[in-house]
Amino acid sequence: MAITLPGILVALKTYHQGLLPTSLLMSMASGREGVPFTALIEALLMIIFLEIIKESSIRTPTSIGMAVTVVSGLVLNQTAVQAGLVGPISYSNCCLWYIRIYFFSFKGDDSII
């Protein structure tokens, strides 16, 4: 589920707008004003930003690595939203994906992901 979350949002935003409620669709459209990229590029940018942060967490001490990584990833992506590179719906979707990946990966049961 965690791996498919960004892909589901891209598919809904791009090809299946009729499946979303009108109020949510209008909210998503207003949040995308001024964003120069498509939904796919947005999701890829967010995932690349988060993967870079995750790679840097490998080199930090284990006691603070996870906390610093999650906080810095969320701050970096919030900055991308404020700069107009990605929309707020993509931000919240990728943050949920990122937190879910971390939550399940440290439990040791990768079959849930």
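All of the numbers you see were taken from the coordinates with simple rules; none came from a lab. Quantities reported herein were computed from a predicted structural model and do not represent experimental measurements. All Cβ positions, glycine included, derive from the backbone under ideal geometry; neighbour counts span all protein chains shown.
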Fluctuation leader among G18, G73, G87 - the chain, Gaussian network, Cα springs under 10 angstrom: G18
For the chain, size of Cβ-based charge dipole, Lys and Arg +1, Asp and Glu -1, in debye: 80 debye
Most mobile listed residue (S90, S27, S57) in the chain, GNM with C-alpha springs under 10 Å: S27
Signed unit charges on C-beta, dipole axis of the stretch 5-105, positive-most listed residue Q82, A67, S27: A67
Choice from E51, E42, E33 with maximal GNM fluctuation in the chain (Cα, 10 Å cutoff): E33
Correct choice for Kirkwood radius over Cα pairs in Å that was computed from the model, options [x] 21.2; [y] 14.9; [z] 16.7: [y]
Span-rule helices in the chain, defined as complete DSSP H runs reaching 30 Å or more along the axis (Cα) with Kyte mean at least 1.0: 62-83
Distance between modelled label sites at H16 and I48, nm, 7 Å Cα→Cβ extension: 2.7 nm
Length released on extending from T38 to I8, taking residue separation times 0.36 nm less the Cα-Cα span: 9.3 nm
Length-normalised contact order for the stretch 5-105 - Cα pairs under 8 Å, 6+ apart - percent: 39 percent
